[in-house]
Structure formats: structure tokens, C-alpha cells
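Novice: Here it is: the structure, laid out below.
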Amino acid sequence: MPSISEYHREESESVIPDASGIGGEGVEHSAGRSTVTHSPIGKNFANRPARKCLTCSKSFIPDKETNRFCREKCNIAWWNEQPQHPVIPKVRADHPRALELREQRTQLCLLEKADPFTYGFVPDHWELANKVWAECSELLISGGNRAGKTLWAARRVVETLLSKENCNVLCCHTSNATSVTVQQPAIYQYLPVALKATKKGKIHYLNYSRKNGFTDGSFILPNGSRCDFLNYTQSENTIEGREADLIWCDELVPQSWVDTLRYRLVTRRGKLLVTQTPLEGVASVYKEFTGGAAITEWHGGQMLAGKQGLPTWPVGKAPRVMRLEKQNRSTVFFFSEDNPYNPWDEMKSKLVGAPMGQILTRAYGWASDNIGKAFARFRPETHCIPRSKIPDGGTLYMVCDPAGSRNWYCLWMLVYEDGRKVVVREFPDFTGYGEWALPSEKADGKPGPAQTLEAGRSVIEYRQLFRTIEEEIGRGEPVMRLIDPRAGGSPALSEQGGTTLIDLLAEPSDQDDGMAFIPAPGVPVDQRTAAINSDLSYDVTKPLTSLNEPRLYVVDDLHNLIWCMSEHTGRDGQKGASKDPIDCLGMLLISKIEHVGAGGLDSYGGGGY
Ligand SMILES: [Zn+2]
């Protein structure tokens, strides 16, 4: 039995000549009409020998040389009983081997679903990527939306695991949830059927469910090869000590992860594979692969017909392969139109008339103006809601980032039962204090008036300010207040000796009660960025529904936070002017903030709120 691809290449071109005429749909047109217009005892008719109907095998005298069916019903059945397939057209009835081919095609369609590793369709751009992959040590697949990147990579992972004994593969994704819903099923799908059938052996261990993915986030094949699943919200320490033959990072991989992962590849001369849509931000990895790289292959793109994507590009074409010789790094671009399983027409109609930059990114995997922005997927039109639309209920949290001479930047966020989060208030706000950061030659802007206007409040004054703001919000006191661990935990004022800011905030005064703050988890900046991106994400190619929507929203009058989310790059490091609002948001999201139902406060044991 050939694979779908072999069948497609051999049969559909030579043997099924007029595939376009069939269109994969419905009824062959010539057959029905003639039975009505011709008399059943016509002259030509009688001379024709009887033949068997292709569908029901009944013997009949054809009224026309091309007729293969005893009646119209059998003609319709011939077409409708053949399964749909995006690549191989249905078999025409007038083909000399029609019955045989139809059976083969039907069986292949079933086999492709059951055993895609052996029988699945391998499109041309996958073959090209295979070739490039074989020749480099690091590969970036930069693809348009739904261009088939994840499936291609999942196939490479399974191939590597099967290729030799005791192989180690690490697969990394944005969060545990996306690992389970995107990455793990893609790999499970490509595992050979025989391996899926048995769960445990002397060496191998493989237990998978759609709901939870692979048990313990890993599996071991009978040849001793092992596959582990990690995600960017985990500590980078998780990576330490693992030697790998292949590491696959899907979407949003923070630069610091890539840097650490490279060390895990040294001893086994392993390979690094990154798959992403450049739209999704964390662009420094993309730059690492494409910056200064030579474009070695161009391919035509439907949406570029008669146009130049960039002034230096050939008309009608987009880059297909890029190469950084010195680092042995390559990039292959997957176009959305390459994937026959993708509803391309739908996507195309959405992009018609869009700015060229957007077309290049979404359909051809080429990043231009989004490059460098930490939250390129943040879109005010999607992620911002008017104050009047804040849903009822929700659990209130607050976070603050104290700084000596500047104002403390603070955020308040509501968390809902369904996991949605809405940032409802910031301090200092634009209306009262102006901009927190302003555009400048620096990547992360320069400090605006809000950083210093009326700065220098005492701890008691801050407590009073927070209480006033929380009265305005009208949802009671926050169930938890977080504080930057470095500022909150280090000795605050010299005359108080070893007293920390957290101690001072908790200490009651003559005028008011103390306020309990807890230090937010101390995690690297990249992990905070990943957490924000993860909550901003949704499938941009599909309509927004309750099943496909971001988890994070910002009320549209929080201008300072919104500006920083739109412009922040992280390139100015600790000194970045737009950094504090991003830090605050990241601290909230990295903490286990959850909706707390009625009476649920007790479950926060040890709280003291
Ligand atoms: Zn029939």
C-alpha cells in the first residue's frame, strides 16, 4: 500500500486526468441527461453490450459509451460514498481501474487517520523542511497561522525517537495547558499504532488521555527512547541536567530558555527546533535566526501576486529558506496556503486589503514591524473593555512595585470563576498623573511625569491611598496583596535597621490598621513575559467565542498599562521606563491567583487577612 503522498503523486496526475472537472464533489454531469432524451429502443442503444453497474453490479445496457451506472441513484452513490480528502480527488467512474482505485483511495483515507506516521500526506514544503533539517543543527520553522508547523515538528520528534535507542527528546510549550491541548496530541497522533496499544512493558511506559496528555508529562518507548514535556512557566532549573538529542520549542519561547537549552544539546550533538508564528512576540529568538541571514530560496505566494512584499523582494514571492552559515542555523517559512488541510480561502478573504506587514506575518511567517515587541499579540481592540462592561463578581487582587524616589506602580485585578482576569485599576493613572513612560530613542521609552509627580509618600499615606482606590473599585478589600520580592523583602529605611517594607506595611499606626503584603514569586523576567503572553493568547484565525478568547483583559482607561503593553520590548533591561507596569502584571499572573467563591477565603489558610 502506498502512502497518501505516493498515491497522490502517482495516481492523481497520470491516472485521474481531469481532477479539476470533478472538483471532488457530487455527480458526473453527462450521465443523467441522456437517459431522458434518448429513446430506450434507440438504434445505437441495441448494439451496445450489457455491462455491470459500478455501484450495484446489476447488468444493464448503457445508453451512452461513458455510462457506468444502471440509474441516476447509483451514479450519485458512486460519488457520495467516497470519503472527502483535501488532496486526492475522488475516482472517476470512467477510469478503466475505477473500482480498484476507489477501494485503494478509501482505504488510504482510513489509514491516514489511523496511522498518519506511515500513511499520512506529506506536502511538498514538508519535504523541503526535512531536507533543510538534515543539514543544519538549529532550525526555525516560522509559519503563518495554521501552516502545519506543529504537525511537521511532531513528526520529526517521533521519527527521532524511533531512529535509535535511548534517545532523549524535550518538547517545550507555553504553558502546561497548551502542552496538553496542542503539543502532546500532535505527538501522540504520530506514534505508531502498535505502540499506542500497549501501555507498559519492561522498559516502555506510555499512558495518554486527551484530557491530561501523557501521564507525568513523559513517555518511554520500547527502544528506551524517552520524551519529556516542559513549559515556559516552569523554572529554568527544570532543564538542568537533561541531555537531549532533540529539543523542540513551540511558540513564544523566551530567549533565556533557548540559551539554557543549547547547553543541553552539547554532549549528544543534539538539534534545536523552534516553531512559531512571529506575530506571537518574544521576537529575539526570531531575530537570532533571521538577523543577517541570507535568503537562499524564494517561493511564489498567492497573496503577493503582482506585488512586492518588501521593496527589495522579487515580485510575487516570499522567502522560503534562510541560512546563517556560521552558526549552522536555518529558517524555513511555512506559508498558510501550503497546508491543504487549512481553510485557506477563509483566511485569505480576511487578509485581503490588510496592510502588507500583516499579510507577510499571518500568511507567510515573515515578521516585520512586530519585531522586538514583547507582547505583539496584545491588541487593544480585543483585549481592552470599557469600564461599564466589567463583569459582576470576581475576586480582587492587588500588586505593587515599590521604588525609592519614584511613585510605586500598582495594579488591581479581578479574577473570575471561568479563569478570565480583568485589570480594573492602576496607580499612578493617566488622568491624575500623566504618562508613566513616553516614546524616546530608547527601546523601552523614557520616564513620564507619572513616575515622579507627588512622589515620596510615606507607608501610611500609601495605605490610605490604596483604601481610597479600593472604595472606588467597590469590590471590598483584595483577598491578597502582592509586592515585588526584592523591594518588599529588603531592609527598607536605615533608621529602622533590619525592618523590611513588608514589615512596615503590616505594622498598624495610630491612624490606621496595618496591611498584609506577601512577596510575589521571584522568577526571571522571561517567565513573567511568557505568563502574560499565555493569558493574552487565542487563535487569531478563528472567531472570538467563549471557547476561543483571551483570558486577560484590561479596562480601556488604564492608559499607562496599555501603552507599556503595546510598546515594551525588554531591551532596556532593569532600567526600562516601561518596565514597572509589565512587572506588576507579570507578578500577578505568575502567582496562583484564582477566583475565590463564597466562604472560600478559609482555603487560603495561614492568610491572616
Ligand atoms: Zn446500479
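Novice: Any idea which of (1) of a type outside the set (A, V, I, L, M, F, W, C); (2) under 15 Å from Asn145 (Cα atoms); (3) not in a loop (DSSP other than H, G, I, E, B) is the one Ser388 doesn't satisfy?
Specialist: If we test Ser388 against (1) of a type outside the set (A, V, I, L, M, F, W, C); (2) under 15 Å from Asn145 (Cα atoms); (3) not in a loop (DSSP other than H, G, I, E, B), just (2) comes out false.
Novice: Here's something else I'd like to know. Being within 30 Å of Leu585 (Cβ to Cβ) and touching a His at 6+ places or on another chain (Cβ under 7 Å): is that true of Phe334 here? Spell out the reasoning first.
Specialist: Values: within 30 Å of Leu585 (Cβ to Cβ): no; touching a His at 6+ places or on another chain (Cβ under 7 Å): yes.
Taking the combined requirement at face value, the residue does not satisfy it.
Novice: Here's a follow-up. May I ask you to list the residues in segment 184-208 that are among the charged types (D, E, K, R) and either surrounded by fewer than 12 Cβ atoms within 10 Å (Cβ to Cβ) or in a loop (DSSP other than H, G, I, E, B) (or both)? Even if it seems obvious, please write down each step before you answer.
Specialist: Initial filter on segment 184-208 (among the charged types (D, E, K, R)): 196, 199-200, 202.
If the condition is that a residue be among the charged types (D, E, K, R) and either surrounded by fewer than 12 Cβ atoms within 10 Å (Cβ to Cβ) or in a loop (DSSP other than H, G, I, E, B) (or both), then Lys199, Lys200, Lys202 are the ones that fit.
Novice: List the pairs whose first member sits in segment 64-85 and is touching a residue at least 40 places away in the same chain (Cβ under 8 Å) and acidic (Asp, Glu), whose second member is more than 12 Å from the ligand (Cβ to nearest atom) and not in a loop (DSSP other than H, G, I, E, B), and whose Cβ atoms are under 6 Å apart, counting only residues at least 6 apart or on separate chains?
Specialist: Filtered contacts from segment 64-85: Glu72/Gly32.
Novice: Restrict the check to segment 93-105 and report whether at least one residue is outside any loop (DSSP other than H, G, I, E, B), under 40 Å from the mean Cα position of the chain (by Cα) and loosely packed, with under 15 Cβ neighbours inside 10 Å.
Specialist: Step one: of segment 93-105, the residues outside any loop (DSSP other than H, G, I, E, B) are 98-105.
With the extra rule that they be under 40 Å from the mean Cα position of the chain (by Cα), the set shrinks to 101-105.
Cutting the leftovers down to loosely packed, with under 15 Cβ neighbours inside 10 Å gives us 103.
Yes: one or more hits.
Novice: Looking at segment 484-502, which of its residues are modelled with pLDDT under 80, on the phi < 0 side of the Ramachandran plot and assigned to a loop (DSSP other than H, G, I, E, B)?
Specialist: Ser490, Ala492, Leu493, Gly498
Novice: How many of the residues making up segment 68-91 are away from the ligand (no atom under 13 Å from the Cβ) and either of a type in the set (Val, Ile, Thr) or in a loop (DSSP other than H, G, I, E, B) (or both)?
Specialist: Going through segment 68-91, the residues away from the ligand (no atom under 13 Å from the Cβ) turn out to be 79-80, 82-91.
Those still in the list that are either of a type in the set (Val, Ile, Thr) or in a loop (DSSP other than H, G, I, E, B) (or both) too: 82-91.
Of the residues in that region, 10 qualify.
Novice: Related question: Given (1) in contact with a Ser or Thr (Cβ under 7 Å, 6 or more places away or on another chain); (2) at pLDDT below 85, where does Ala294 come up short, assuming only one miss?
Specialist: (1)
Novice: For segment 450-466, indicate whether the set of residues that are within 34 Å of the chain's Cα centre (by Cα) and not small (Gly, Ala, Ser) is non-empty.
Specialist: Start the filter on segment 450-466 by keeping residues that are within 34 Å of the chain's Cα centre (by Cα), which leaves none.
Scanning segment 450-466, I find no residue that is within 34 Å of the chain's Cα centre (by Cα) and not small (Gly, Ala, Ser), so the answer is no.
Novice: Any residue in segment 415-436 that's assigned by TED's automatic domain parsing to the domain that holds Lys389: show its pairings with residues that are hydroxyl-bearing (Ser, Thr, Tyr) and assigned to a loop (DSSP other than H, G, I, E, B) at Cβ separation under 8 Å, as long as the two are six or more apart or on different chains.
Specialist: If the second residue must be hydroxyl-bearing (Ser, Thr, Tyr) and assigned to a loop (DSSP other than H, G, I, E, B), the pairs left are Val422/Tyr416; Trp436/Ser578.
Novice: Looking only at residues that are buried (at least 19 other Cβ atoms within 10 Å of the Cβ) and in contact with a Gly (Cβ under 6 Å, 6 or more places away or on another chain) in segment 416-447, which one is farthest from Glu471 (Cα to Cα)?
Specialist: Asp444
Novice: So if I check each of Pro581, Pro521, which one is touching a residue at least 24 places away in the same chain (Cβ under 8 Å) and surrounded by fewer than 15 Cβ atoms within 10 Å (Cβ to Cβ)?
Specialist: Working: Pro581 fails: surrounded by fewer than 15 Cβ atoms within 10 Å (Cβ to Cβ).
Criteria check complete, one pass: Pro521.
Novice: Return yes or no: is Glu112 of a type in the set (D, E, K, R), in contact with a helix residue (DSSP H, G or I) (Cβ under 9 Å, 6 or more places away or on another chain), more than 13 Å from the ligand (Cβ to nearest atom) and modelled with pLDDT of 90 or more?
Specialist: Numbers: of a type in the set (D, E, K, R): yes; in contact with a helix residue (DSSP H, G or I) (Cβ under 9 Å, 6 or more places away or on another chain): yes; more than 13 Å from the ligand (Cβ to nearest atom): yes; modelled with pLDDT of 90 or more: no.
No.
Novice: Determine, yes or no, whether Ile469 is modelled with pLDDT of 95 or more, surrounded by 14 or more Cβ atoms within 10 Å (Cβ to Cβ) and more than 29 Å from the chain's Cα centre (by Cα). Give the steps one after another, and end with the answer.
Specialist: On the way: modelled with pLDDT of 95 or more: yes; surrounded by 14 or more Cβ atoms within 10 Å (Cβ to Cβ): yes; more than 29 Å from the chain's Cα centre (by Cα): yes.
Yes; evaluated as a whole, the condition is true for this residue.
Novice: Among the residues of segment 290-322, count how many are crowded, with 20+ Cβ neighbours inside 10 Å and of a type outside the set (Gly, Ala, Ser).
Specialist: Within segment 290-322, residues that are crowded, with 20+ Cβ neighbours inside 10 Å and of a type outside the set (Gly, Ala, Ser) number 6.
Novice: Right, next: Please state which one of Glu65, Glu11, Glu25 is under 21 Å from Tyr341 (Cβ atoms), away from the ligand (no atom under 16 Å from the Cβ) and either exposed (fewer than 14 other Cβ atoms within 10 Å of the Cβ) or at pLDDT below 50 (or both). Explain how you work it out, then say what you get.
Specialist: On the way: Glu65 fails: under 21 Å from Tyr341 (Cβ atoms); Glu11 fails: either exposed (fewer than 14 other Cβ atoms within 10 Å of the Cβ) or at pLDDT below 50 (or both).
So the residue among Glu65, Glu11, Glu25 that is under 21 Å from Tyr341 (Cβ atoms), away from the ligand (no atom under 16 Å from the Cβ) and either exposed (fewer than 14 other Cβ atoms within 10 Å of the Cβ) or at pLDDT below 50 (or both) is Glu25.
Novice: Within segment 321-336, identify whether any single residue is touching a Pro at 6+ places or on another chain (Cβ under 9 Å), outside the structural domain of Ile532 (by TED's automatic domain parsing) and free of Cβ contacts under 8 Å to residues at least 12 places away in the same chain, and answer yes or no.
Specialist: From segment 321-336, those touching a Pro at 6+ places or on another chain (Cβ under 9 Å) are 331, 333; that's our starting set.
Going one step further and asking which of them are outside the structural domain of Ile532 (by TED's automatic domain parsing), we end up with 331, 333.
After this cut, where a residue has to be free of Cβ contacts under 8 Å to residues at least 12 places away in the same chain as well, the list is none.
No, the conditions are met nowhere in segment 321-336.
Novice: Another question about this same structure. Could you tell me which residue of segment 43-62 is modelled with the lowest pLDDT, considering only residues that are surrounded by 13 or more Cβ atoms within 10 Å (Cβ to Cβ) and more than 14 Å from the ligand (Cβ to nearest atom)?
Specialist: Filtering segment 43-62 for residues that are surrounded by 13 or more Cβ atoms within 10 Å (Cβ to Cβ) and more than 14 Å from the ligand (Cβ to nearest atom), the one modelled with the lowest pLDDT comes out as Phe45.
For every residue, the table says whether it meets (1) outside any loop (DSSP other than H, G, I, E, B); (2) in the same structural domain as Arg146 (by TED's automatic domain parsing); (3) in contact (Cβ under 8 Å) with a residue 12 or more places away in the chain.
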site	(1), (2), (3)
Pro222	no, yes, yes
Cys227	yes, yes, yes
Leu230	yes, yes, yes
Gly241	no, yes, no
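Novice: Among the listed residues Ile483, Ile473, Ile460, which satisfies the condition of being touching a Lys or Arg at 6+ places or on another chain (Cβ under 8 Å) and not acidic (Asp, Glu)?
Specialist: Values: Ile483 fails: touching a Lys or Arg at 6+ places or on another chain (Cβ under 8 Å); Ile460 fails: touching a Lys or Arg at 6+ places or on another chain (Cβ under 8 Å).
Answer to the check: Ile473.
Novice: When segment 230-279 is examined, which residues are found to be at positive phi and hydrophobic (A, V, I, L, M, F, W, C)? Steps first, answer last, please.
Specialist: Let us first name the residues in segment 230-279 that are at positive phi, namely 241, 251-252, 269.
Correct list: Leu252 only.
Novice: Out of all the residues in segment 170-180, is one or more under 15 Å from Leu221 (Cα atoms), touching a residue at least 24 places away in the same chain (Cβ under 8 Å) and either under 14 Å from the mean Cα position of the chain (by Cα) or in the same structural domain as Pro340 (by TED's automatic domain parsing) (or both)?
Specialist: Here is the first cut: in segment 170-180, the ones under 15 Å from Leu221 (Cα atoms) are 170.
From the residues that got through so far, the ones that are touching a residue at least 24 places away in the same chain (Cβ under 8 Å) too are 170.
Filter once more, so that each one left must be either under 14 Å from the mean Cα position of the chain (by Cα) or in the same structural domain as Pro340 (by TED's automatic domain parsing) (or both): 170.
Looking for residues that are under 15 Å from Leu221 (Cα atoms), touching a residue at least 24 places away in the same chain (Cβ under 8 Å) and either under 14 Å from the mean Cα position of the chain (by Cα) or in the same structural domain as Pro340 (by TED's automatic domain parsing) (or both), one finds at least one in segment 170-180, hence yes.
Novice: For segment 209-221, indicate whether the set of residues that are at pLDDT 80 or above, surrounded by 14 or more Cβ atoms within 10 Å (Cβ to Cβ) and among the basic types (Lys, Arg) is non-empty.
Specialist: Our first condition is that a residue be at pLDDT 80 or above; within segment 209-221, this holds for 209-221.
Subset that is surrounded by 14 or more Cβ atoms within 10 Å (Cβ to Cβ): 213-214, 217-221.
From what's left, among the basic types (Lys, Arg): none.
No, because not a single residue in segment 209-221 is at pLDDT 80 or above, surrounded by 14 or more Cβ atoms within 10 Å (Cβ to Cβ) and among the basic types (Lys, Arg).
The values are calculated or read from the model by the stated rules, or taken from the named source; none is laboratory data. Because the structure is a prediction, the values reported are computed rather than measured. Here the Cβ is made from the backbone with ideal geometry for all residues, glycine too, and neighbour counts use every protein chain on show.
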